[in-house]
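The values are calculated or read from the model by the stated rules, or taken from the named source; none is laboratory data. Please read all numbers here as calculations on a predicted model, not as lab measurements. Cβ placement follows ideal geometry from the backbone for every residue including glycine, while neighbour counts extend to all protein chains displayed.
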Amino acid sequence: MDKHSHVMGGSTAERRINCPGSLHLEKAVPDPESSEFAERGSMLHAAMELLLTADPRDVNELNKMLDQLEGQDLGFDGHEITRELIDEKIRPAWDAWKDLLVDFDLQDWFIEQRVSLEVVVPGAFGTADVLAKDGLDRIHVVDWKFGDGIVVPARENMALGFYAAAALYDEDPELIEFTNDIHEEVGLHIIQPRVGQDTVLDSWVTTDKWIESLVDLAAAAIDKAHGDEPPLKPGKWCGFCKARPTCPAQTALATEAISKSPAAMSSIDLAKAMQIADTLKGWINDVYKLAQQELEDGATIPGYKLVNKLPRRVWTDPKEAEKRLRASKYKVGDIYKKTLISPTQAEKLDSRLYNRKLHDIVAMHSSGVTIAPESDKRQAIVSSAQLLTNALPEQKQETETGNRNRKQE
Ligand code: SF4
């Protein structure tokens, strides 16, 4: 039985709903080889499945289990559960799970549960990391995220919404019983442990109406996908699309982007260009990756060739180099480089020591300002030009603001 649906599953729900044309474009592309990060993520999912199944009663039992996990590959060749992964990923994920149990009074749950939306959308199914029910008969979906890249929010998360919808529509007798008479509220939760980040659990409680509207969107999108000329719409959901390197909508976006010089853009044009640039970043990476792969496989890409990366000198025998340097006139301080580890590295080294003795001498120091989308949780910085405008009398402010926004007209 397939583990992933090519039609629609949790990880593709947002993409299919927003870009129905992705269904056929992706079908035409073979599945890429699993990446190292994906394999590591799957191994960590397997570790969480083991922990939740064993359900250690107290911290001693938990520690024993974690010690047993250390050094195992859980069937993922070339990977290993290290002490670092236990401290940075598995233990914080377990702690967040325990918080969730208490906060929402979770009573009963399925782990790695296959759920199917096929009665509404043929071929749509997926596997929920955890599907739970609480004391108020509300259902909950929990997703483990072990990547350190993008923070995935629970709010309006279509992947979690898809799993909840599929659980409600699944015709498996056990699931029918599980979701029978459920309350109209649904809890969606992301557990994402990241180094240096305190918040591991993100929760959003929604209603069955939101879930139903998602089902309608999913059904309409798959209808469009099977119709004539299914629409293609680039956006943030392009990230993991297999068709991205060859997608005509991405190529059209690139053509549109280079047709205008940034210097001549108004603020509205700039806002649009920023969105296009965000979408194209991934496409550009994919184009480079694909071109390199083609060249490595022996294909010709006119105007391009493979070369060695810029070489840098390395010791062929570091021990011998050390011996010779130490035998020379130079002092130890000249030949060794020592720098103090950073607060993040100290926390990684010993989180107890960090929390008890070091954290009061840590300050957050930003190396400068950067641009972020409006939705970013960090507080917006008021520019000095804006501060100056605010300090001016009202009439003058209008003139100044008018001058700055002139390009929007
Ligand atoms: S790359 Fe984006 S626009 Fe193109 S098919 Fe995939 S999701 Fe749609």
Being within 16 Å of the ligand (Cβ to nearest atom) and over 25 Å from His189 (Cα atoms) is the requirement here; does Val7 meet it? no
I'm told Ile90 meets every condition in (1) assigned to a helix (DSSP H, G or I); (2) under 21 Å from Asp181 (Cα atoms) except one. Can you identify the failing condition by its number? (2)
Only residues that are among the acidic types (Asp, Glu) and modelled with pLDDT of 95 or more: list them for segment 41-60, please. Glu49
Could you check Ser116 against (1) in contact with a strand residue (DSSP E or B) (Cβ under 9 Å, 6 or more places away or on another chain); (2) among the polar types (S, T, N, Q); (3) over 30 Å from Ile139 (Cβ atoms) and say which number it fails? (3)
Residues that are within 24 Å of the chain's Cα centre (by Cα) and either surrounded by 12 or more Cβ atoms within 10 Å (Cβ to Cβ) or of a type outside the set (Asp, Glu) (or both): does segment 351-363 have at least one? no
Only residues in segment 226-241 that are near the ligand (Cβ under 6 Å from one of its atoms) count as the first member; pair them with residues that are in a loop (DSSP other than H, G, I, E, B) and not hydrophobic (A, V, I, L, M, F, W, C), Cβ under 6 angstrom, at least 6 apart or cross-chain, and list the lot. Leu232/Gly21
Condition first: more than 12 Å from Leu44 (Cβ to Cβ), touching a Lys or Arg at 6+ places or on another chain (Cβ under 8 Å) and in a loop (DSSP other than H, G, I, E, B). Now tell me which residues in segment 66-87 satisfy that. Glu70
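Can you tell me how many residues in segment 39-63 are of a type in the set (D, E, K, R), without any contact (Cβ under 8 Å) to a residue 12 or more places away in the chain and surrounded by 12 or more Cβ atoms within 10 Å (Cβ to Cβ)?
We begin by selecting, within segment 39-63, every residue of a type in the set (D, E, K, R); these are 39-40, 49, 55, 57-58, 61.
From what's left, without any contact (Cβ under 8 Å) to a residue 12 or more places away in the chain: 55, 57-58, 61.
Checking the rest, the ones that are also surrounded by 12 or more Cβ atoms within 10 Å (Cβ to Cβ) come to 61.
The number of residues fulfilling the criteria is 1.
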Let me spell it out: the conditions are (1) more than 16 Å from the ligand (Cβ to nearest atom); (2) closer than 30 Å to Thr251 by Cα; (3) among the acidic types (Asp, Glu), and Glu320 meets all of them except one. Which number is the exception? (2)
